[in-house]
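A.B. asks: Sharing a structure below in structure tokens format, with a few things to ask.
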Amino acid sequence: MSTVLITGGTGMIGKHLMKMLLDKGYEIIVMSRKSGAGSQESGISFANWDIKNQTIDASAIAKADYIIHLAGASVAEKRWTAKRKKEIVDSRTQSSALIVKALKEIPNHVKAVISTSAIGWYGADTKDSLRNGFNEDAEADTEFLGTTCKLWEKSIEPVEALNKRLVKLRVGIVLSNTGGALVEFKKPLKTGLATVFGNGKQIVSWIHIEDLCRMFIHAIEHEEMKGAYNAVATFPLKNKELMIALAKKIRGQFFIPVFIPAFVLRIILGEMSIEILKSASVNNHKIKSTGFNFLYPSIDSALDEFIKK
């Protein structure tokens, strides 16, 4: 079976994706910054890379049939200081540069690179996007996340000149029971509060982690796929609708909606609040045209599965 090299494999998405790849019989190489990292699980091996010094285990590149590039500092983990913004950009562009460098210099048989991007590429909703959703042809936004996504995608694009098929998945808000947004959304519900951000009318384009990981594998297995694809569920919804739906699944009718004013979010989060308050309707027509079918197209289907677990 084919070997998939994964960067960022120890994160929330990476762990879920590795399990799915193993279940399908793929061999996995996880890139790690720690020398001597390893796994007792059959089918998984670890290899060393150093993004800062632009070095990588040549044997890992030589063995790989595909590369899934997930590496990048968390956008939501810390306040966006100038230093943190540089870390967010550099972690993506420098890791991409190392992959490009490795594929240039090390003899390999890599067929395709599947790289993460994000729907932060898109700006705030327009009348047209509210009707039809942003598609992949839209220009990158000029705010921080838009410019970050543009630099991120540009940094991995040189692999195409090396005759490697490149797929860029622009990922929406990932919902998972093991981390990320959904876990944070659940916390206030322990005390019966359903927190709504701003006026709650902003559109949230989301995706179930299972569908996202299936999409990475779909991109590997469908050679006709090239370029950018929106990785979002079929039915985006308003922030208020999402929070109320979650509250009802967990607490029935025993909860109180609490609106957190935009100015409070700006004080707490700084510039990051722009993205939380931004409405971005993103469509998935292009990925569906490749034959990809969503297991969780609606928020009800997704939340039912999460609550069941």
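Rundown of residues vs (1) more than 16 Å from residue 118 (Cβ to Cβ); (2) charged (D, E, K, R), yes/no style:
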{"residue": "177", "(1), (2)": "yes, no"}
{"residue": "190", "(1), (2)": "yes, yes"}
{"residue": "217", "(1), (2)": "yes, no"}
{"residue": "224", "(1), (2)": "yes, yes"}
{"residue": "228", "(1), (2)": "no, no"}
{"residue": "238", "(1), (2)": "yes, yes"}
{"residue": "243", "(1), (2)": "yes, no"}
{"residue": "250", "(1), (2)": "yes, no"}
{"residue": "258", "(1), (2)": "yes, no"}
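A.B. asks: Looking only at the stretch 94-151, which residues are assigned to a helix (DSSP H, G or I), surrounded by fewer than 20 Cβ atoms within 10 Å (Cβ to Cβ) and of a type in the set (S, T, N, Q)?
C.D. replies: Matches in the stretch 94-151: 94, 132, 147.
A.B. asks: Under 9 Å between Cβ atoms, at least 6 apart or on separate chains: pull out the pairs that start in the stretch 51-78 with a residue that is within 26 Å of residue 181 (Cα to Cα) and end on any residue that is exposed (fewer than 13 other Cβ atoms within 10 Å of the Cβ).
C.D. replies: Between residues of the stretch 51-78 that are within 26 Å of residue 181 (Cα to Cα) and residues that are exposed (fewer than 13 other Cβ atoms within 10 Å of the Cβ), the close pairs are 76/184.
A.B. asks: Which number in (1) of a type in the set (Ser, Thr, Tyr); (2) out of contact with any helix residue (DSSP H, G or I) (no Cβ under 6 Å at 6 or more places or on another chain); (3) touching a residue at least 40 places away in the same chain (Cβ under 8 Å) marks the one condition that residue 191 misses?
C.D. replies: (3)
A.B. asks: Moving to a separate point now. Would you confirm whether any residue within the stretch 175-198 is within 15 Å of the chain's Cα centre (by Cα), β-branched (Val, Ile, Thr), surrounded by 15 or more Cβ atoms within 10 Å (Cβ to Cβ) and closer than 28 Å to residue 87 by Cα?
C.D. replies: No, the stretch 175-198 contains no residue that is within 15 Å of the chain's Cα centre (by Cα), β-branched (Val, Ile, Thr), surrounded by 15 or more Cβ atoms within 10 Å (Cβ to Cβ) and closer than 28 Å to residue 87 by Cα.
A.B. asks: Has the stretch 213-223 got at least one residue that is crowded, with 21+ Cβ neighbours inside 10 Å, closer than 24 Å to residue 277 by Cβ and modelled with pLDDT of 95 or more?
C.D. replies: no
A.B. asks: What's the number of the only condition in (1) surrounded by 18 or more Cβ atoms within 10 Å (Cβ to Cβ); (2) within 17 Å of the chain's Cα centre (by Cα); (3) hydroxyl-bearing (Ser, Thr, Tyr) that residue 26 fails to meet?
C.D. replies: Answer for residue 26: the failing condition is (2).
A.B. asks: Further question: Considering the stretch 256-290 alone, what residues qualify as being in contact with a Pro (Cβ under 9 Å, 6 or more places away or on another chain) and among the hydrophobic types (A, V, I, L, M, F, W, C)?
C.D. replies: Those that are in contact with a Pro (Cβ under 9 Å, 6 or more places away or on another chain) and among the hydrophobic types (A, V, I, L, M, F, W, C): 258, 280, 282.
A.B. asks: For the stretch 25-35, state whether one or more residues are touching a residue at least 40 places away in the same chain (Cβ under 8 Å) and in a strand (DSSP E or B). Reasoning before the result, please.
C.D. replies: Keep residues of the stretch 25-35 that are touching a residue at least 40 places away in the same chain (Cβ under 8 Å), which gives 31.
Next cut, in a strand (DSSP E or B) only: 31.
The answer is yes, given that some residue of the stretch 25-35 is touching a residue at least 40 places away in the same chain (Cβ under 8 Å) and in a strand (DSSP E or B).
A.B. asks: Looking at the stretch 152-177, which of its residues are outside any helix (DSSP H, G or I) and aliphatic (A, V, I, L, M)? Working first, answer last.
C.D. replies: Residues of the stretch 152-177 outside any helix (DSSP H, G or I): 163-177.
If the condition is that a residue be outside any helix (DSSP H, G or I) and aliphatic (A, V, I, L, M), then 166, 167, 169, 171, 173, 174, 175 are the ones that fit.
A.B. asks: Select the helices (runs of 4 or more DSSP H) contained entirely in the stretch 202-309, then report the ones holding at least 3 residues which are touching a residue at least 60 places away in the same chain (Cβ under 8 Å) and touching a Ser or Thr at 6+ places or on another chain (Cβ under 9 Å). Walk me through it before giving the result.
C.D. replies: Values: elements: 209-221, 239-251, 262-269, 273-277, 285-288, 299-308.
The helices (runs of 4 or more DSSP H) meeting that bar are 209-221.
A.B. asks: Going by the structure shown, is residue 249 basic (Lys, Arg) and over 22 Å from the mean Cα position of the chain (by Cα)?
C.D. replies: Working: basic (Lys, Arg): yes; over 22 Å from the mean Cα position of the chain (by Cα): yes.
For residue 249, the condition - basic (Lys, Arg) and over 22 Å from the mean Cα position of the chain (by Cα) - is met.
A.B. asks: A further question follows. If we keep just the residues of the stretch 152-174 that are aliphatic (A, V, I, L, M), touching a Ser or Thr at 6+ places or on another chain (Cβ under 8 Å) and under 30 Å from residue 240 (Cβ atoms), which is surrounded by the fewest Cβ atoms within 10 Å (Cβ to Cβ)? Steps first, please.
C.D. replies: First, the residues of the stretch 152-174 that are aliphatic (A, V, I, L, M): 156, 159, 161-162, 166-167, 169, 171, 173-174.
Right, trim to touching a Ser or Thr at 6+ places or on another chain (Cβ under 8 Å) and you get 156, 166-167, 169, 171, 173.
Narrowing the set further to residues that are under 30 Å from residue 240 (Cβ atoms) leaves 169, 171, 173.
Working: 169: 25, 171: 23, 173: 21.
In this case the residue turns out to be 173.
A.B. asks: Within the stretch 65-73, can one find any residue that is farther than 28 Å from residue 165 by Cβ and assigned to a loop (DSSP other than H, G, I, E, B)? Can you show your working first?
C.D. replies: Filtering the stretch 65-73 for residues farther than 28 Å from residue 165 by Cβ gives none.
No, because not a single residue in the stretch 65-73 is farther than 28 Å from residue 165 by Cβ and assigned to a loop (DSSP other than H, G, I, E, B).
A.B. asks: Can you find a residue in the stretch 110-119 that is among the basic types (Lys, Arg) and over 17 Å from residue 167 (Cα atoms)?
C.D. replies: Checked the stretch 110-119: no residue is among the basic types (Lys, Arg) and over 17 Å from residue 167 (Cα atoms).
The values are calculated or read from the model by the stated rules, or taken from the named source; none is laboratory data. From a predicted model like this one, the values you see are computed outputs, not experimental measurements. Neighbour counts are summed over all protein chains in view; Cβ atoms, including those assigned to glycine, are modelled from backbone coordinates with ideal geometry.
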